[in-house]
Amino acid sequence: MTSNDTYETNDIAEFTERFINQTKRTIFLTGKAGTGKTTLLQKIVKSTYKQTVIVAPTGIAALNAGGVTIHSFFQLPFGGFIPDFNAEFNDRVRLESKSTLLRHFTMNNQRRAIIRNLELLIVDEVSMLRADLLDAMDWMLRNVRKINEPFGGIQVLFIGDLLQLPPVVKQAEWNYLRNYYKSPFFFDSKVIHEVKPLYIELEKVYRQADEKFIRILNNLRNSEITDTDIEILNSHVQQDFDATKHDDYITLTTHNADADKINREALDRLNTRTTSYDAEIAGKFPEHLYPIDETMHLKLGAQVMFIKNDISPDKNFYNGKMGKIIALSKYEVKVQFPLENKIIEVEKYEWNNIQYTLNPSTGEVEETVLGTFVHYPLKLAWAITVHKSQGLTFDKAIIDVSKVFVPGQSYVALSRLRSLDGLVLLNPIQPNRLTTNIEVAAFTKANDTDEDLEKTLVDGTFEYAHDMLQKSFDWMELMNAWHSHKSTYKNQGLKSQKGKNLTWMTQQVQLLESTMEASRKFRSQLNKLFLQKNTDLSFVEERVDAAYVYFFKIFDGILYSTLKIMAELQQKSNTKQYNEELEELDQLMTETIIRLKKSKQLIHAIVNKLPLEKDQHWENEILAYKQGKIAVVKQEMRKENASFDFDTDFIQVRTKSLKKEPKTKKESTYDITLRMIKNGNTIKEIAKERQFSSQTITSHCERLLKTEKIELLEVLNSKRINALSDLFDNYDGGSLGELKEKVGKKFTWDELKLYRASLII
């Protein structure tokens with residue numbers, strides 16, 4: 001395996017981040033259950049300066065990873081893909097070939113710009129990714145980016161454990177696909193055979209500390225299970241185990257119907273009143289993305305499981321932690337952890353359905369929230385399917401693998417547990433139920449080699465610098481776009497807007513043409529420098545700086561001139577189409593200039609061994625470039641035409657973020673509420689604007705009060721605070737239900753919660 005034995009998992013994680021930021025190498029990041037793959041994914045997204053998009057094979061997987069589905073991002077039709085132009089297949093089977101799939105690549109300029117600017121594609125839960133779907137992604141990227149390289153020249157990070165759930169392929173599809181693919185797994189795709197990913201495995205297991213259990217799980221992963229292992233597992237068989245008489249056990253089943261039945265019957269057995277809670281759904285959040293049921297039915301005494309990690313500093317729970325409902329009211333849910341003798345009040349969690357957009361003023365790929373789903377992060381936890389247990393951790397579980405129907409299911413189920421002490425098997429395990437996929441085993445074995453990470457990183461950084469500079473100083477696509485646009489001026493009357501601008505357009509094209517030969521010669525010089533045995537990167541940096549100064553002056557002038565023409569056109573009638581044509585040229589020019597700026601800064605960082613991360617001080621200068629240029633144009637226009645309406649001009653419309661500061665750290669939902677509170681908004685105003693209930697915004701304010709980011713006076717008036725002070729004199733930190741019954745309508749739940757949050761208990 002790629003990760004050398006001398007490295008700890010934390011070192012491997014750090015190396016992975018450096019590989020992402022310093023190379024263009026495609027990477028497959030894997031590891032056993034509980035090794036921290038999801039944590040590293042989140043860290044990479046926060047630290048990388050690269051334009052990044054996260055995708056996953058299913059909606060729920062994408063939601064959990066903070067990304068979008070593969071089909072939605074790449075606008076791919078559902079069904080199989082045959083990596084051939086002239087494939088023949090039955091119309092009754094949903095299949096696409098290279099030629100038919102091309103028809104689906106008619107995307108708008110915004111989507112094309114996002115894909116053109118993309119530098120890093122993260123594919124999560126790769127065990128479920130089909131080989132043909134990955135080839136379809138590759139085919140799309142090559143065509144849209146017009147770069148005939150694997151993935152269109154984009155770096156790809158695959159993340160997942162191949163012994164988790166496998167890809168799903170219908171037999172009718174596989175009858176055709178088997179002629180092209182050895183297996184449906186992603187590693188048997190055509191593109192992966194063309195570009196072998198760097199194989200990095202996280203080894204340290206954080207979930208299990210039981211060495212005997214870890215050894216059994218490793219043997220199971222590697223198809224090396226022994227008679228002794230089976231004997232140890234079967235020593236935990238209790239066929240008459242009654243889960244209703246034991247707290248904190250969850251049953252892992254292989255089928256949804258079994259899990260639903262167990263949960264429904266267990267809830268019905270409780271002789272307490274049912275309280276129902278509805279999710280708050282705002283904006284666009286399709287039903288197939290719901291992380292849990294829209295309506296949640298709970299009772300006192302119900303066994304529940306958290307489905308998210310606690311994002312508060314308290315870290316009271318984790319994904320999979322179980323507890324019991326001990327208090328319920330309209331606005332309050334309390335859970336007890338019996339083994340810890342601890343009680344917490346559950347806060348609602350916010351899931352976001354996002355899409356990726358391109359900021360036209362900065363050239364940055366950004367997330368836009370389309371809709372939100374707010375609910376308590378809980379599920380009934382007497383039973384859950386093996387499929388839905390992925391990523392969860394349990395202290396105690398009842399497992400029945402007698403109905404296993406796909407290889408690897410037994411491993412997924414068993415690896416959810418922390419130790420053998422919490423295992424109960426309903427039936428003895430048979431060796432034939434512990435199979436793992438032979439293709440996966442062969443792929444893992446083929447990558448089980450020690451590769452020198454340091455040398456790979458050095459070589460990869462060198463290759464990345466060369467490739468990055470070559471692409472940054474090649475603007476043939478930009479030149480072609482200007483030529484194509486110039487051809488539309490033919491046969492335009494002298495009185496038309498295009499006719500009047502023909503001389504201007506000719507001048508801009510001539511300026512661009514004057515750079516082409518110099519660009520070719522500079523790239524040729526770069527090739528010679530990088531092909532030398534001992535390339536002097538300091539000298540390369542000097543040449544890059546000189547080339548940047550020369551080309552930037554020309555491009556900056558063309559961009560300024562184009563922006564000014566567009567601003568002038570905004571004052572004319574019947575110029576919408578013309579303006580849109582110039583808008584596309586403006587976007588391409590902006591992308592070219594920003595690439596030049598990035599390449600200049602990145603080669604400087606590499607030469608001087610500076611960390612390549614998102615928080616580099618030079619990032620703001622790059623992102624602010626276009627905004628500064630727009631500001632200059634607006635200033636000039638004001639001088640020339642004092643009556644020009646700058647509140648509705650094209651610049652305002654096209655760059656909605658014009659008045660924003662250069663890109664800063666992404667705001668959390670709590671940060672947004674904090675900012676609005678500081679701006680003087682009330683809870684009701686914030687709830688209305690953000691399309692949340694006042695209870696959800698109140699829960700944000702509770703956390704802000706506990707962390708002392710706001711004061712109580714910012715959300716309650718002094719008169720109400722004084723009255724609440726008397727009420728809370730003898731409060732001992734318990735449930736607010738009794739207090740609410742005592743005061744009736746005198747105080748609202750929100751007021752009681754806010755005051756309690758301000759107390760140090």
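The values are calculated or read from the model by the stated rules, or taken from the named source; none is laboratory data. Quick caveat: nothing in here was measured; it's all calculated off a predicted structure. Glycine gets a Cβ as well: all are built from the backbone with ideal geometry, and neighbour counts include every protein chain shown. For the accessible areas, the whole protein counts, side chains as well, though only heavy atoms, and no ligand, DNA or RNA atoms are used. Shrake-Rupley method; radii C 1.70, N 1.55, O 1.52, S 1.80 Å.
Of note:
- Highest to lowest packing among 172-181, 134-143, scored as the average C-beta count within 10 Å: 134-143, 172-181
- With Cα atoms, 0 to 90° folded angle of helix 37-47 axis to the chain main axis: 30 degrees
- For region 249-370, diffusion coefficient by Stokes-Einstein and Kirkwood Rh (Cα), 20 °C, 1.002 mPa s, µm²/s: 126 µm²/s
- Peptides 481-494, 54-67, 699-712 ranked from most to least packed, by the mean per-residue count of other Cβ atoms within 10 Å: 54-67, 699-712, 481-494.
- Across region 373-387, computed HN-Hα scalar couplings (Karplus, 6.51 cos²θ - 1.76 cosθ + 1.60, θ = phi - 60°) run 10, 10, 7, 5, x, 10, 9, 4, 10, 7, 7, 7, 6, 4, 4 Hz from first to last residue, x flagging Gly and Pro.
- Using alpha carbons only: equivalent-ellipsoid semi-axes of the chain, gyration tensor based, whole Å: 49, 37, 24
- Residue-wise HN-Hα couplings along region 72-87, as the Karplus relation 6.51 cos²θ - 1.76 cosθ + 1.60 with θ = phi - 60° gives them from phi, are 6, 5, 8, 6, 9, x, 6, x, x, 10, 9, x, 8, 7, 10, 6 Hz; Gly and Pro carry x.
- Distance between the 7 Å Cα→Cβ label points at residue 511 and residue 273: 7.5 nm.
- Charge dipole (the chain, unit charges on Cβ, about Cα centre) - positive-most of 713, 19, 181: 713
- Filter on 330/709; 196/598; 678/706; 43/629; 43/455; 490/629 - keep pairs with C-alpha separation over 22 Å: 330/709; 196/598; 43/629; 43/455; 490/629
- The alpha carbon radius of gyration of region 132-270, expressed as a multiple of 2.2 N^0.38 Å, is 1.53.
- Rg/Rh (Cα only; Kirkwood hydrodynamic radius) as it applies to region 33-150: 0.99
- The chain, accessible surface, carbon-and-sulfur percent (1.4 angstrom probe): 48 percent
- For the pair residue 395 and residue 143, label points projected 7 Å from Cα toward Cβ lie 5.4 nm apart.
- The angle between the Cα long axis of helix 749-758 and the longest principal axis of the Cα atoms of the chain comes to about 80 degrees, rounded to the nearest 10.
- Rounded to 0.05, the FRET efficiency of the residue 572 and residue 672 pair, given R0 = 41 Å and the Cβ-Cβ distance, is 0.55.
- The C-alpha atoms of the chain define a longest principal axis, and helix 576-607 lies at about 80 degrees to it.
- Local net charge near residue 754, Cβ-Cβ under 12 Å (Lys/Arg +1, Asp/Glu -1): 0
- As a calculated quantity, the FRET efficiency between residue 638 and residue 470 at R0 = 30 Å, using C-beta atoms, amounts to about 0.15.
- Efficiency of FRET between residue 102 and residue 477 - r from beta-carbon atoms, R0 25 angstrom, step 0.05: 0.85
- In plain terms, the bigger the Kirkwood radius, the slower the diffusion; for region 480-598, with that radius from Cα pairs, at 20 °C and 1.002 mPa s, Stokes-Einstein puts D at 132 µm²/s.
- Contour minus Cα-Cα distance for residue 238 and residue 631 (0.36 nm per residue): 134.1 nm
- Averaged over its residues, the chain has an accessible area of 48 Å² per residue, based on protein heavy atoms and a 1.4 Å probe.
- Taking Cα centre as origin and charging only the Cβ of basic (Lys, Arg, +1) and acidic (Asp, Glu, -1) residues, the dipole magnitude of region 77-193 rounds to 420 debye.
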